[in-house]
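To start, the structure itself, in structure tokens.
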Amino acid sequence: MLKQDLLQSLAKIFNPHQVVTNPTELIVYESDATWERGLPDVVVFPQSVEETRRLAQWAAEQNIPLIARGAGTGLSGGAVAEHGGIVVEFARMDRIVEFDQAGRSVVVEPGVVNLVLDELVKTQGLYYPPDPASGRTATIGGNIAENAGGPHCFKYGVTANYVTGLQVVFADGRVAHLGGRALDYPEYDLIGLMTGSEGTLGLITAMEARLICNPLGVKTVMASFDSVEQAGAAVSAVIAAGLVPATMEMLDQKIMRIVEDYMHIGLPVHAGAMLIAEVDGYPEGLDAQMAEVVRVLEQNGASGIRVARDAEEREQIWYGRKSAAGAFARLAPQKFSMDCTVPRSQIASTLRAMNDICARLDLTVGYIMHAGDGNFHPNIPYDPADQDQVRRGTRAFAEMVDVVVACDGSITGEHGVGIEKREFMPLMCRGAELAAMWDVKQVFDPAQRLNPGKIFPSQMPEVERVPPAPSVPQDFFAPKNAPEAAAGLAALSAANKPVAINRTRAGAVTLSTQELTGVVKYAAEDLYITVGAGTPLEQVQTFLDPHGWQIPLASPWREMTVGAIVATNLNAPQRIRYGSVRDVLLCCTVALPDGRVVRAGRAVVKNVAGYDLPKVFVGSYGTLGLLTDVTFKIVAKPRRKQTFVVPVDDLKAGLAWSSQLLQVALMASAVVLTRGVAARGVISPYALVYTAEGHEQDVEAEMAQVRALLQKLNAPMPRQISATGTDLWIDLLRGATAGSFVVRAGVAPKDLVDFVRNQTARLESSSYLVDIASGLVYAVALPANASDAKTWLDPLRQAALAIGGYAIVTQLPDEWRNTIDWRGYRPDALDVMRALKTRWDPAGILEMDQFVA
């Protein structure tokens with residue numbers, strides 16, 4: 001317990017109604033939704049970022065742990081004050097600070113309930129997809145801490161895919177703003193590290209997030225199978241067919257019988273498993289989508305297929321699924337509930353192995369599965385008073401972890417590590433990977449005050465390091481694999497020789513990825529491909545094309561490698577449809593200058609085992625380590641693409657039309673406005689280009705909406721062209737000559753129209769493209785010299801910075817580099833970036849002229 005003088009000191013910061021010290025009242029906060037226990041010394045309810053800052057500063061002075069807490073719905077012991085300290089309860093920071101319908105974004109405090117946010121944005125035709133089962137009570141702060149997913153993340157992704165900015169209070173009380181309302185800030189992706197960090201890196205006091213258009217229609221089907229293995233094979237078949245249902249959920253027979261005995265809702269209890277699949281989009285396309293899904297299910301043994309005819313039937317189907325977790329209480333007072341993710345192709349074999357384990361140990365097991373993304377929850381009911389049953393259940397849990405790790409899965413897909421799974425981390429992560437995570441923890445929280453004891457095991461495994469190469473690479477170094485790269489970097493680091501990756505620079509050794517090429521693994525059934533980092537993107541797309549797949553990324557330059565795309569965070573307008581580089585990258589292998597080879601991430605959609613290391617390499621410009629291979633999600637090539645172009649004579653009108661079109665952009669893969677970029681048949685100074693892609697009926701429905709809206713706005717009637725909005729982006733950047741001055745400016749989408757209007761005079765001297773959905777402007781200018789370039793750039797940059805954006809130079813003549821600061825942006829957490837670089841590149845040899853120098 002805290003001494004009385006400390007409590008009196010704390011009382012000077014907070015009002016009495018914000019502090020709980022009564023021992024009886026503290027019991028409410030000693031656990032989350034697990035059986036883990038830890039009584040806090042105090043519970044504090046901050047009501048603002050300033051109060052949170054003062055609390056953190058006070059705790060730092062007194063060396064007292066802080067444990068962030070939302071609604072206490074976590075399932076790993078993550079919010080349990082295992083070692084005492086102060087629980088920071090964010091329930092009273094529950095304001096929706098801003099809801100920007102036009103820019104499709106929100107700013108919310110951490111105490112906002114997930115369902116409240118989702119219901120609010122849906123009133124305006126928008127959608128916040130993360131929907132954990134506890135969404136009726138779970139808060140946004142907890143969602144971020146655990147990187148929450150839910151049934152719909154197979155199609156729409158997890159929390160990390162929507163967070164664009166975080167306001168964070170660090171352990172020492174400093175407040176930092178990571179990211180923001182704009183996209184692709186020139187800084188390390190610390191948001192990616194913070195999301196899913198279980199409160200161990202900082203106290204989150206606000207989230208900025210993007211929203212998407214809410215699908216106008218949905219159709220649900222329920223199907224029965226003879227066994228869970230057969231149902232798992234059907235899920236794999238749906239995916240292999242290139243279909244993307246909004247969700248695919250599975251219940252096994254044991255779970256169905258538990259629910260049916262309790263709810264009496266007509267579940268197919270005589271079947272071995274039940275699958276719920278859902279498609280969404282435009283109402284015009286739902287029947288065709290569902291017919292394809294049903295056909296594949298039937299081909300793979302489905303029976304008793306029931307397609308919901310209306311919302312009432314749909315709710316009845318889902319009611320059974322949502323009641324499954326609670327129904328377990330009828331079997332036993334408690335349950336072991338595992339949360340793992342395996343490659344989808346391994347679902348059937350994993351379930352078989354887990355069934356064998358439980359049969360051998362005489363245990364009942366039932367499965368609730370997010371089958372579409374390979375995330376499932378084996379549930380083993382038990383009586384805590386039966387010590388033998390507890391022992392057998394504990395053993396089964398451990399053996400199941402072994403099964404998951406053996407097929408290269410994750411020990412936790414959405415619940416987090418917390419207390420419950422920390423001792424299993426060394427089974428999944430080798431020493432180098434865990435040590436890299438520990439480096440992150442040390443950088444953010446060196447005194448271990450934030451949620452201490454979570455994620456990391458009590459005994460860290462030995463860290464493997466490749467010894468330095470016997471001879472120091474000279475001038476040019478092209479390793480053939482990750483260990484060779486690590487050995488060479490270690491030798492260069494010991495010799496303190498600077499390194500430039502895939503480019504020449506005076507006094508530096510050129511580190512080339514030309515030998516790190518080719519397809520390492522192609523797994524269509526699991527929707528990923530692993531390739532050497534030195535492989536050109538075009539080569540990978542050529543490999544995938546005959547199979548009907550693609551990596552949803554693009555590059556203006558045919559020779560650009562996948563490693564370079566990750567390192568520079570290069571994103572095309574099609575990100576509105578498919579996500580950005582950080583959303584497509586699943587995992588990577590990295591050689592660090594200190595001799596470590598780190599395998600970061602796993603080739604599964606949902607993985608919250610520790611920190612999301614792959615994201616910090618996105619946009620790092622080679623300053624942290626050398627990417628040797630990368631694993632991307634692959635998606636089916638669209639059935640149809642269609643592009644409309646609208647001639648625009650008046651920029652102000654064109655911007656207004658573009659913003660209006662964004663409100664109907666459900667299938668859009670580009671909404672752009674261009675000047676100086678050739679669009680076939682357009683002689684006006686500007687062109688508005690709208691591309692949609694996906695199922696035929698969805699594309700037709702969306703383009704009909706686009707045409708009708710343009711007519712309502714009295715805009716010229718659109719013409720169809722073969723080029724897409726991304727093609728025009730490629731043309732603009734590919735057309736830049738050696739003497740070109742290329743700038744990318746990023747602002748919040750809500751500020752984009754005014755920004756472009758206010759910078760019209762400057763932009764008119766260049767060719768440019770405005771990515772309406774992403775808040776980005778790409779400009780290609782031809783100033784006569786560095787002085788003219790700086791005169792052109794500085795006002796544009798200052799205008800972007802003034803509204804929370806940025807403007808960086810992505811191409812300029814070499815002789816101008818000493819005159820012009822290509823970044824022009826100072827991240828709030830630059831000291832954290834520098835500290836992380838020092839941990840992984842202690843000699844500072846990598847890309848010294850990049851943004852952390």
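A full extension of the chain between Leu115 and Ala738 corresponds to an added length of 219.1 nm, given 0.36 nm per residue minus the alpha carbon distance. A dipole drawn for the stretch 234-389 from +1 and -1 charges on Cβ atoms has a positive end, and of Gly301, Ala291, Gly242 the residue lying farthest that way is Gly301.
Calculated from the alpha-carbon coordinates, the stretch 61-178 shows an Rg and a Dmax of 15.0, 48 Å respectively. Checking the Cα-Cα distances for Lys606/Lys712; Lys12/Lys122; Lys122/Lys441; Lys641/Lys712; Lys454/Lys615 against a 32 Å cut-off, the pairs over it are Lys606/Lys712; Lys12/Lys122; Lys122/Lys441.
Counting only protein heavy atoms and using a 1.4 Å probe, the accessible area of Trp557 comes to about 80 Å². Each residue was assigned an accessible area with a 1.4 Å probe, and for Cys587 the value is about 10 Å². By the Kirkwood approach, averaging reciprocal distances over each pair of separate Cα atoms, the stretch 710-764 gets a hydrodynamic radius of 14.4 Å. Computed from the alpha carbon atoms alone, the convex hull of the stretch 690-837 holds 166 Å³ per residue. For the chain, what value does the Rg/Rh ratio take when both radii are computed over Cα atoms and Rh is the Kirkwood radius, given to two decimals? Radius of gyration over Kirkwood radius for the chain works out to 0.96. If you take all other residues with their beta carbon under 9 Å from the beta carbon of Gln642, and give Lys and Arg +1 and Asp and Glu -1, the sum is -1. The residues of the stretch 565-653 have, on average, 23 Å² of accessible surface per residue, using a 1.4 Å probe with all protein chains present. Convex hull volume of the Cα atoms of the stretch 725-796, normalised per residue: 78 Å³.
Estimated at the nearest 10 Å², the accessible area of His17 is 110 Å² with a 1.4 Å probe.
Using only Cα positions of the stretch 481-609, each an equal point scatterer, no hydration layer, compute I(q)/I(0) via Debye at q = 0.11, 0.20 Å⁻¹ and quote the log10 values to two decimals. Log-scaled intensity ratios, in q order: -0.44, -1.27. With the simple model of a label 7 Å out from the Cα in the direction of the Cβ, Val390 to Leu361 spans 1.5 nm. Ordering Ala329, Ala491, Pro718 by the projection of their Cα atoms onto the charge dipole of the chain, which places +1 on the Cβ of Lys and Arg and -1 on the Cβ of Asp and Glu, puts Pro718 at the extreme positive end. Nothing charged except the Cβ atoms of Lys and Arg (+1) and of Asp and Glu (-1): what's the magnitude of the dipole of the stretch 29-128 about its Cα centre? Round to the nearest 20 debye. Using Cβ point charges on Lys, Arg, Asp and Glu, the stretch 29-128 gives about 160 debye.
When shorter helices are ignored and each DSSP H run of at least 4 residues is given -39500 (n - 2.57), the per-residue value for the chain at 222 nm works out to -9500 deg cm²/dmol. Starting from the Cα of Asp794, move 7 Å in the Cα-to-Cβ direction to define the label point; list residues of the stretch 823-837 whose amide nitrogen is under 16 Å from there. Residues passing the 16 Å test: 823-825. Working ranking of peptides 530-537, 623-630 by packing, defined as the average number of other Cβ atoms within 10 Å per residue, highest first, is 623-630, 530-537.
The values are calculated or read from the model by the stated rules, or taken from the named source; none is laboratory data. These figures come from a predicted structure and were not determined experimentally. All Cβ positions, glycine included, derive from the backbone under ideal geometry; neighbour counts span all protein chains shown. Keep in mind that these areas ignore ligands, DNA and RNA; they rest on the heavy atoms of the full protein, side chains included. Shrake-Rupley method; radii C 1.70, N 1.55, O 1.52, S 1.80 Å.
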